[in-house]
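Student: Let me begin by handing over the structure; questions about it come next.
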Amino acid sequence: MNKSVVFAGPHGDEIELVCPRTRSPMIQKGETFVSVDEDGRGLETWKQENGFPDLVLGGRFDDETDERCRCYEISSNEYSTENFWIPLFKRRFKAELERGERPRILSVGCGIGVEVEMLCEAGFACYGIDNGNRTKDWPKRKFSSGLLLANAMHMPFKSDSFDAVFCGCVFPHVGVVGDSNITSETYLLDRQKLADEMVRVAKPSGLVVACSPNRMCPFDIFHGREAGSYLPRFNPWGSRFLLSIGDYKRMFGSAGCSKVESLPVEGFWGFVTMNNSIKGRLLSAPIKLAFRLASTRAFRFLRPSPFLPWVAVGGTK
Ligand SMILES: C[S@@+](CC[C@H](N)C(=O)[O-])C[C@H]1O[C@@H](n2cnc3c(N)ncnc32)[C@H](O)[C@@H]1O
């Protein structure tokens, strides 16, 4: 069996890449990656884009994103990484970090890559994959060596590669028509494929985490808000664009996670733009309260309910 190309990630970490279609080894030929069969015969050639391996199979996500939107995402991603992702992974990998190890983490649908950069700065070997237009921001990241263009339904990694695999609001954008909130005929299969891949590339006992707006809540605080408006999008009953805690539990359970449970959501949202005005602060106060209450043990029963606009679930492989 040929040895696959070793991709030099952050902090000297190294990971083997495999062909996203066949999972056969890949070798590097100049600027390209070539997947090879058992006899070393070339099967398929993959290129690079802006210096990042382009291993996208099965289509790109043509997201509408502009400079203004990316600036907003920098500050909101900075907030959630500082207050949600870093504390979550530091708690989970306390012993490993104390031993001087660098747990290997994958951010799925990492967008502009801010969370990848900050998790690397916090001591993790963090990789990120994405197949959309936010990747145009990647050359600006300080830690960009772990970034690869790939479709999360066909990941270019061997099974059991990461200590943790996570995504922030990616599932709603899989199995939809373009960058819309209309689900496609294959949305259930596509989302299951994404969950299967996240669990496949996690190590045994590894952590898998996903979050997004709550399908059960009548308001979607994340998508489709007009610039400068505080009015959340109405989330009609019956729409399958968003996901519920139950949806995630079913998918990750069937992907092979032994235990999937709701997580506290406090720290994810800083309401960074709403905090800029008195009206914004007043309007966001009840949502902040719901986040805080549902994050306590006593009120965890609120997590799947329509009162909480955001859900987070974690599973162990
Ligand atoms: C709403 S953004 C979230 C970005 C970032 N994770 C965050 O929390 O701000 C959704 C991201 O998922 C990416 N995405 C959608 N479908 C994907 C797929 N099949 N594979 C990889 N990334 C995908 C998009 O390109 C986009 O960057």
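What follows is calculated from the coordinates using simple rules that are stated; it is not laboratory data. Values in this document were obtained by computation on a predicted structure and should not be read as measured data. Cβ sites come from the backbone with ideal geometry, for glycine too, and all protein chains shown count toward neighbours.
Student: Output the pairs from K203/K249; K94/K136; K47/K136 with a Cα-Cα distance over 22 Å in this structure; if there are none, say none.
Tutor: Those over the limit are K94/K136.
Student: What order do you get for W237, W85 when you list them from fewest to most C-beta neighbours inside 10 Å?
Tutor: Arranged by neighbour count, lowest to highest, W237, W85 become W237, W85.
Student: Then there is this: Rounded, prolate or oblate for segment 174-317? Axes are the square roots of the Cα gyration tensor eigenvalues, ordered a ≥ b ≥ c, and the cut-off for rounded is a/c under 1.5.
Tutor: oblate
Student: Rounded to the nearest 0.05, what FRET efficiency do E31 and A8 give with R0 = 22 Å and r taken as the Cβ-Cβ distance? Could you check?
Tutor: Given R0 = 22 Å and the Cβ-Cβ separation, E is 0.90.
Student: Something else about it: Under 1.5 on a/c is rounded, so check that first for segment 110-158, then, if it is not, pick prolate when a/b is larger than b/c and oblate when it is not; a ≥ b ≥ c are the square roots of the alpha carbon gyration tensor eigenvalues.
Tutor: oblate
Student: Multiplying the sequence separation of C71 and L283 by 0.36 nm and subtracting their Cα-Cα distance, what value in nm do you get?
Tutor: 74.0 nm
Student: Let me ask another. Using alpha carbons only, how many degrees (0 to 90, rounded to 10) separate the axis of helix 245-255 from the longest principal axis of the chain?
Tutor: So the inclination is approximately 20 degrees.
Student: I would also like to ask the following. Using Cα positions and a limit of under 21 Å, work out the lysines in reach of K279, with same-chain residues fewer than 8 apart set aside.
Tutor: K288
Student: Give me the extension gain from R292 to R60: residue separation times 0.36 nm, minus the current Cα-Cα distance, reported in nm with one decimal.
Tutor: My answer for the length gained is 79.9 nm.
Student: Quick one: grab the alpha carbon gyration tensor of segment 17-123, order the square roots of its eigenvalues as a ≥ b ≥ c, and give me rounded if a/c is under 1.5, else prolate or oblate depending on whether a/b is larger than b/c.
Tutor: The shape class here is oblate.
Student: While we're on this one: Any idea which of P87, N181, S35 is furthest toward the positive side of the dipole for the chain, if Lys and Arg beta-carbons carry +1 and Asp and Glu beta-carbons -1?
Tutor: Checking the options against the dipole of the chain, the answer is P87.
Student: Another one. What is the packing order of peptides 278-289, 154-165, 17-28, 123-134, taking the mean over residues of other C-beta atoms within 10 Å and listing the highest first?
Tutor: In decreasing order of mean packing, 278-289, 154-165, 17-28, 123-134 become 123-134, 154-165, 17-28, 278-289.
Student: Under the rule of -39500 (n - 2.57) per DSSP H run of 4 or more residues, summed and divided by the residues of the chain, what mean residue ellipticity at 222 nm is obtained, to the nearest 500 deg cm²/dmol?
Tutor: -7500 deg cm²/dmol
Student: If you don't mind, another one. How would you order 73-83, 209-219 from highest to lowest mean count of nearby Cβ atoms within 10 Å?
Tutor: Per-residue Cβ counts within 10 Å, averaged per peptide and sorted highest first, yield 209-219, 73-83.
Student: When a footprinting reagent is the concern and you count Cβ atoms within 10 Å, what order do E64, E117, E16 take, fewest first?
Tutor: Lowest count first: E64, E16, E117.
Student: Quick one: angle between helix 187-201 and the longest Cα principal axis of the chain, in degrees between 0 and 90, rounded to 10, please.
Tutor: 60
Student: Label-point separation (nm) for S24 and K203, each offset 7 Å from Cα along Cα-to-Cβ?
Tutor: Going by the 7 Å Cα→Cβ label model, 3.0 nm.
Student: Something else about it: Taking the alpha-carbon centroid of each part, what is the distance from segment 53-90 to segment 176-253 in angstrom?
Tutor: Taking the Cα centre of each part, segment 53-90 and segment 176-253 sit 15 Å apart.
Student: For the chain, take the longest principal axis of its alpha carbons; what is the angle in degrees between that and the long axis of helix 67-80, to the nearest 10 within 0 to 90?
Tutor: 80
Student: In segment 141-232, which GluC sites (Glu not before Pro) are in a loop and have at most 15 other Cβ atoms within 10 Å, using DSSP for the loop call?
Tutor: E185, E226
Student: Further question: What FRET efficiency comes out for L188 versus A95 if R0 is 35 angstrom and r is the Cβ-Cβ distance? Round to the nearest 0.05.
Tutor: My answer for the efficiency is 0.40.
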